[in-house]
Amino acid sequence: MFEADSVTITVLVENQVDMLLPDQASPTGGPTGGPAGGSGGADDHCVSRYGLIEHFDPKRVPPQAENGISFLVEAVRGRHSVRVLFDVGLTGTVLEHNMRVLGVDPASIDHVVISHGHPDHFGGIHRFLDLAGRPIPVATHADAELPRYAVMGDGRTSSVYNAAFRFGEVERSGGVPVLTQDPLDLGCGVHTTGVIPRKVAFEAGAAPAFKPGDPGLYQVSPDGRLRRDEVMDEMGLVIDVRGAGLVVLTGCAHAGVVNTIEQARAVCGPKPVRAVMGGFHLGFPTTPAENVDLTAAAFAELEVATVMPMHCSGLRTHTRLSTDMSANYVQPAVGTVLRFGR
């Protein structure tokens, strides 16, 4: 299985913008392996920011935040490279704006991966495909287009809130749907995870008893049955970086961030986890509070070198990880760029 020599990951869409965040060295140290910022390792500027200077520069325009997520993944192997968009945010408006601000040419993208069929992950797809101006493969799970309903506690209902992600509509916009349950090799060490087995006990969690009309998220199955939406269509992305380890990206981690890491290791082998970033699904009101502590303990056991909780991870998660894993924690913001490998 091929490895990337290096990978650069740019946060295109995220819930927050912060111009005061500084550039920083790798949370696990520079190329010589010493502690971050310490005398044992060089400052490799693993994490760079769209910061104060960029925000105050009248020649530039600041990026925008929204409740969604999108990464640009640029993996290099020798003289070859691949550019992948992992998720496309909630709206095409913000995605287009941030791509322009951050100097990303939509036509340069080789592949799109949509983690699952929720609007804060697929919402920008049609605008992106229009900007790209050519057919681009869009990998996702076949169940991502099945009708979804949200029933709120006050009686409101959002009907078929994923209607814009019908695969026929994606094709009409210029996308080429690639529907697979299996891991997909995108080149230069970049892989989708495929379907993520739910083995970790605290992440698997028994679903509430199904009773139509109760508040919650629902999906219509291929055979026309209404079922609780457990987001079984979710997949992640993993980049296998030579000499560094695995860089794991999650959309919302409905399947569990630890389960996602384990599936990434099943795809690429039991290698060190250089980084995990994305939505950790720990900020949802229905997620047990103790899952934050259990997740932090699992990260420590797995010796995850860099953690960047984003999007739906929740304040408790940021508080816990920034305190107890301060040497490993990276605060997210639009325009953050992370580099791994040489």
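The values are calculated or read from the model by the stated rules, or taken from the named source; none is laboratory data. Note that the structure is predicted; figures quoted are calculated from it, not measured. Methodologically, a virtual Cβ is constructed for each residue, glycine included, from the backbone with ideal geometry; neighbour enumeration extends over all protein chains shown. With ligands, DNA and RNA removed, areas are computed over all heavy atoms of the protein, side chains included. Shrake-Rupley method; radii C 1.70, N 1.55, O 1.52, S 1.80 Å.
Our estimate of slack between residue 157 and residue 56, defined as 0.36 nm per intervening residue step minus the Cα-Cα distance, is 32.1 nm.
Ordering 115, 6 by accessible surface, largest first, gives 6, 115; the 1.4 Å probe counts only protein heavy atoms, with every chain in place. The helix-based estimate of mean residue ellipticity at 222 nm for the chain, built from -39,500 (n - 2.57) per DSSP H run of four or more residues and divided by its residue count, is -5500 deg cm²/dmol to the nearest 500. Going through (1) 75, 44, 41; (2) 61, 46, 43; (3) 57, 51, 44, the figure that equals Cα extents along the principal axes in Å as computed for the structure here is (2). Rolling a 1.4 Å probe over the heavy atoms of the protein chains gives the chain an accessible area of 42 Å² per residue. For the chain, modelled as a GNM whose springs connect Cα atoms under 10 angstrom apart, the maximal fluctuation among 53, 109, 261 occurs at 53. Residues considered: 79, 172, 134. Largest GNM mean-square fluctuation over the chain, using C-alpha springs under 10 Å, is found at 79. Cα centroid distance between segment 282-323 and segment 53-128, in Å? Cα centroid of segment 282-323 versus Cα centroid of segment 53-128: 25 Å apart.
A probe of 1.4 angstrom, applied to the heavy atoms of all protein chains, finds residue 21 with accessible area near 30 square angstrom. Residues whose amide H falls under 5 Å from that of residue 83, counting only those 5 or more places apart or on a different chain, are 110, 111, with hydrogens built in the peptide plane. Expressed as a whole percent, the accessible area of the chain that falls on carbon and sulfur atoms is 54 (1.4 Å probe).
Exposed loop sites are taken as GluC sites (Glu not before Pro) in a DSSP loop (any state but H, G, I, E or B) with at most 16 other beta carbon atoms within 10 Å; the longest stretch of the chain without one runs 1-229. When the Cα gyration tensor is reduced to axis lengths a ≥ b ≥ c, the ratio a/c is 1.5 or higher for segment 68-124, and with a/b not above b/c it is classed as oblate. Springs between Cα atoms under 10 Å define the GNM used for the chain, and in it the highest mean-square fluctuation of 92, 175, 133 occurs at 133.
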